[in-house]
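The values are calculated or read from the model by the stated rules, or taken from the named source; none is laboratory data. Bear in mind the structure is a predicted one, so any value in this text is a computation, not a measurement. Methodologically, a virtual Cβ is constructed for each residue, glycine included, from the backbone with ideal geometry; neighbour enumeration extends over all protein chains shown. What goes into the accessible areas is simple: the full protein's heavy atoms, side chains included, and nothing from ligands, DNA or RNA. Shrake-Rupley method; radii C 1.70, N 1.55, O 1.52, S 1.80 Å.
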Amino acid sequence: MYISIDIGGTHTRVARGEKDQISQRTDFPTQDFPETLQKIKTSVLNLSSNKQIDGIGVSVVGPLNFVEKRLLRPTHLPNWEGVEIKKELESALGRQVFIAHDAATSGYGEWKYGAGKGSNPLLYYTISTGIGIGLIVDGKIFHGVYNIEAGHQILDKTGPLCPCGQHGDLDIFLSGKEVEKRTGKSSKELEGSETWDEMIDRLAIGITNSILHYSPEKVVVGGAQTHNQPLFYPPLERAVAQYLKHTPIVPILPSQFRDNSGLIGAFALAEDKVA
Ligand SMILES: [Zn+2]
């Protein structure tokens with residue numbers, strides 16, 4: 001039995017299970033670090049209920065200095081700046097944890113068990129509280145020093161200011177929280193509207209840029225804002241096909257594990273003892 005922990009900008013989820021199966025999970029709002037750490041500890045104890053734990057995998061929101069396993073200043077969790085996340089979790093849980101950036105972890109889960117199984121390279125995009133990117137090359141997560149942060153690629157230098165400090169990047173145009181602040185509507189309420197079309201168009205430019213950078217075999221797109229599949233994927237694929245002229249388009253697929261991709265990916269990190 002494995003434990004996975006998915007620390008997101010809005011919610012933290014803890015689950016037990018293995019491979020692509022979750023047998024039980026719990027979910028709570030992500031608060032400041034000490035409160036969240038305490039809740040993670042309690043959840044792990046409750047979920048394991050004295051059974052043998054084979055490994056713990058952790059998916060954490062970025063930006064993350066992967067080399068030092070230390071958070072920089074997460075755009076949507078500014079109070080978590082500087083947290084030495086691996087060290088803190090290992091000390092609280094009393095054992096080794098395998099940790100990676102959240103989008104990279106989700107991408108790894110989709111590469112190992114899901115929609116991008118075996119693709120080389122696999123590019124993963126999550127459209128949720130923020131925009132995250134994962135890249136799996138030769139079956140391994142490409143971490144870089146700070147992971148790929150193409151969610152903050154600049155699309156329009158005169159655009160609105162992102163909490164990360166840049167103007168007009170993909171994240172500020174698309175992130176659920178920011179769009180809600182700007183329009184007063186949730187992304188669910190915006191589905192199919194003119195604003196929605198603009199968001200799909202921005203995303204298509206971002207994904208086209210990433211395809212040109214990384215030459216993936218497949219692109220898997222997941223996250224809370226992709227739930228309405230007929231309104232999301234066909235227009236996105238059409239828009240990418242319109243922008244991408246230099247190479248043929250590659251398949252753009254919905255994530256198989258949806259909200260659970262971070263948890264499944266974290267099982268995979270622990271199973272393979274990677275990160
Ligand atoms: Zn940004």
With a sphere of radius 11 Å drawn around the Cβ of residue 124, what net charge do the other residues whose Cβ falls strictly inside it have (Lys, Arg +1; Asp, Glu -1)?
-> -1
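Please report the antiparallel percentage of DSSP beta bridges with both residues in the stretch 32-168, rounded to the nearest 5. Intermediate results must be reported in sequence, preceding the final value.
Working: 11 of 15 bridges.
Bridges in the stretch 32-168 are about 75 percent antiparallel.
Count charges around residue 242 for me, please; just the other residues with Cβ under 14 Å from its Cβ, Lys/Arg as +1, Asp/Glu as -1. Before the final figure, lay out each step's value.
Details: positive: 202, 238, 245; negative: 197, 201, 237.
Around residue 242, the surrounding residues sum to 0.
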To the nearest 10 square angstrom, what accessible area does residue 111 show with a 1.4 Å probe?
-> 60 Å²
How large is the accessible surface per residue of the stretch 189-272, computed with a 1.4 Å probe and reported in Å² as a whole number?
-> 44 Å²
Length gained when the stretch residue 27-residue 140 is fully extended (0.36 nm per residue, less Cα-Cα span) | 37.9 nm
Give me the accessible area of residue 202, 1.4 Å probe, in Å² rounded to the nearest 10.
-> 70 Å²
Per-residue SASA entry for residue 108, accessible area with 1.4 Å probe, Å² rounded to 10 | 10 Å²
The chain: percent of C-alpha pairs farther apart than 32 Å?
-> 19 percent
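Based on the mean of other Cβ atoms within 10 Å per residue, sort peptides 58-64, 132-138 so the most packed one is first. All intermediate terms of the calculation are to be shown ahead of the outcome.
On the way: 58-64: 26.0, 132-138: 22.6.
Order by mean packing, descending: 58-64, 132-138.
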Heavy-atom accessible area of the stretch 1-119 with neighbours in place, 1.4 angstrom probe: carbon+sulfur share in percent works out to 45 percent
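What is the extension gain from residue 189 to residue 91, computed as 0.36 nm multiplied by their sequence separation minus the C-alpha to C-alpha distance, in nm to one decimal?
Details: separation 98, 0.36 × 98 = 35.28 nm, distance 4.23 nm.
This chain segment gains 31.0 nm when fully extended.
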Would you mind counting up the charge near residue 68? Only other residues with Cβ under 10 Å from its Cβ, with Lys and Arg at +1 and Asp and Glu at -1.
-> +3
How much area per residue is accessible in the stretch 1-122 when the probe is 1.4 Å and only protein heavy atoms are counted (Å²)?
-> 42 Å²
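Sort 158, 12 by accessible area with a 1.4 Å probe, largest first.
Details: 158 115, 12 0 Å².
If we order 158, 12 from most to least accessible, we get 158, 12.
Using the structure shown, list the pairs from 39/69; 41/140; 181/273; 86/157; 51/112 with a Cα-Cα distance above 32 Å, or answer none.
Numbers: 39/69 21 Å; 41/140 29 Å; 181/273 40 Å; 86/157 35 Å; 51/112 26 Å.
Those over the limit are 181/273; 86/157.
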Residue 166 and residue 245 label points (each 7 Å along its Cα→Cβ direction) are spaced in nm at 2.4 nm
Sort out for me the Cα centre separation of the stretch 94-115 from the stretch 38-83, rounded to whole Å.
-> 12 Å
Using a basic spin-label model with each label point 7 Å from the Cα along Cα→Cβ, how many nm lie between residue 231 and residue 35?
-> 3.2 nm
Carbon/sulfur accessible area of the stretch 145-220, % of total, 1.4 Å probe, equals 50 percent
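Looking only at the chain, where both bridge partners belong to it, what percent of the DSSP beta bridges are antiparallel (to the nearest 5)? Can you show the working numbers first?
Details: 26 of 44 bridges.
The antiparallel proportion sits near 60 percent.
Set the Förster distance to 30 Å, then compute FRET efficiency between residue 157 and residue 215 from the Cβ-Cβ distance, nearest 0.05. Walk me through the intermediate numbers first.
Values: r = 27 Å, r/R0 = 0.88.
After rounding to 0.05, the efficiency reads 0.70.
In percent, what relative contact order does the chain have, based on Cα pairs under 8 Å that are 6 or more apart in sequence?
Details: 595 pairs, mean separation 60.7, N = 275.
Computed value for the chain: 22 percent relative contact order.
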